[in-house]
Amino acid sequence: MRRSFVCFSWVIAFAALASPVSFATAADWTRFRGPNGSGVSTDTTPTPVTWSPTENLKWKIELPGPGSSSPIILGEKIFITSWSGYGTDRSNRGGKQEDLKRHLTCLDRQTGKTIWDKTVNAVLPEDNYGGMFAEHGYTTHTPATDGERVYVFFGKTGALAFDLDGNQLWQTPCGTDSNRMNWGSSSSPILYKNLVIITASMESQTIYALDKTNGKEVWHTTADAFGDTWGTPILVDAGDIRTDLVIGVTDEIWVFNPYTGKLRWF
């Protein structure tokens with residue numbers, strides 16, 4: 001069956017077309033907004049546009065807590081992030097930051113069964129839950145996968161990599177700052193060649209390129225303008241000449257060399 005999905009704050013629901021289609025034909029969705037961040041699926045089978053408890057619903061499960069990231073899909077597995085322990089209810093902001101946990105959950109694509117759920121302790125202090133921050137929370141960044149590992153960015157807690165069985169491989173700090181409005185960050189990791197590219201806009205006003213295998217820094221670029229950036233970069237092929245790393249900052253488009261982090265033009 002061709003499947004799509006919708007994520008709510010505590011529940012992930014998986015929808016299916018009524019007409020049978022080979023499961024293997026459904027494309028992977030390996031990062032924020034799918035192939036190169038375009039938001040355009042390469043599948044030719046239409047996706048359902050209406051859902052209800054009885055229409056186009058294959059399964060649904062409760063997540064460990066709320067989250068604003070998007071699920072990603074690799075073969076038979078779905079990966080999604082959420083948080084628990086603190087700031088899980090907008091009407092009740094009690095709890096302690098010391099109890100804050102991030103979750104990376106792996107689900108079976110066909111049944112919704114939890115294959116594994118990994119928790120990560122928060123690096124403290126965190127931004128307080130409330131105000132504009134409560135509009136998205138502590139897991140806003142969508143994971144990315146290269147088919148061998150899953151990469152996540154958890155803000156002040158840093159960037160992490162897991163293998164497909166849920167074993168944590170590395171964790172790299174990317175800063176612990178907050179911008180003047182305490183809105184938190186939202187940019188999702190993207191992958192290029194052997195690099196994990198992290199836009200730690202609020203945490204350090206920096207874009208980092210980390211080695212996928214060990215999390216070590218390959219390059220970084222810091223600029224004050226990143227302090228007002230919430231978008232996720234995209235990779236653009238400039239014909240056969242080169243690949244550009246492109247991100248929007250206030251009133252401008254900046255284009256970098258993804259190998260070095262050097263600005264090419266703006």
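Take the alpha carbon atoms of the stretch 96-169, find their center, do the same for the stretch 186-241, and report the distance between the two centers in whole angstrom.
What the calculation gives is 18 Å, centre to centre.
Can you give the charge dipole size of the chain about its Cα centre, rounded to the nearest 20 debye, using +1 on the beta carbon of Lys and Arg and -1 on the beta carbon of Asp and Glu? List each step's numbers first, then the result.
On the way: 24 positive and 28 negative charges, 85 e Å.
About 420 debye.
Between Val123 and Asp224, what is the FRET efficiency for a Förster distance of 30 Å, r being their Cβ-Cβ separation, to the nearest 0.05?
Numbers: r = 23 Å, r/R0 = 0.78.
The formula returns an efficiency of 0.80 here.
If you keep only loop residues by DSSP, which trypsin sites (Lys or Arg not before Pro) in the stretch 206-259 have at most 12 other Cβ atoms within 10 Å of their Cβ? Walk me through the numbers before you get to the answer.
Working: sites: Lys212, Lys216, Arg242; in loops: Lys212, Lys216.
Passing sites in the stretch 206-259 are Lys216.
Quick one: grab the alpha carbon gyration tensor of the stretch 69-155, order the square roots of its eigenvalues as a ≥ b ≥ c, and give me rounded if a/c is under 1.5, else prolate or oblate depending on whether a/b is larger than b/c. Spell out each step's value before the answer.
Numbers: a/c = 2.20, a/b = 2.00, b/c = 1.10.
Verdict is prolate for the stretch 69-155.
Test of understanding: in a Gaussian network model of the chain with alpha carbons linked when under 10 Å, which of Thr50, Thr199, Thr139 would top the mean-square fluctuation ranking?
Thr50
Ignoring GluC sites (Glu not before Pro) that are buried or in helix or strand per DSSP, and keeping those with at most 16 other beta carbon atoms within 10 Å, what is the longest stretch of the chain between them?
149-266
Divide by every residue of the chain the summed helix terms, -39500 (n - 2.57) for each DSSP H run of at least 4, and state the resulting mean residue ellipticity at 222 nm, rounded to the nearest 500 deg cm²/dmol. Before the final figure, lay out the partial values.
On the way: 1 runs with 4 residues, N = 266.
Mean residue ellipticity at 222 nm (helix-derived): 0 deg cm²/dmol.
Between Glu98 and Asp43, with labels modelled 7 Å along Cα→Cβ, what's the label distance in nm to one decimal, could you check?
4.6
Rule-based calculations on the coordinates, nothing more; no lab input. Everything numeric here is computed off the predicted structure, so don't read it as measured data. In this analysis, Cβ positions are derived from the backbone assuming ideal geometry, glycine residues included, and neighbour counts consider all displayed protein chains.
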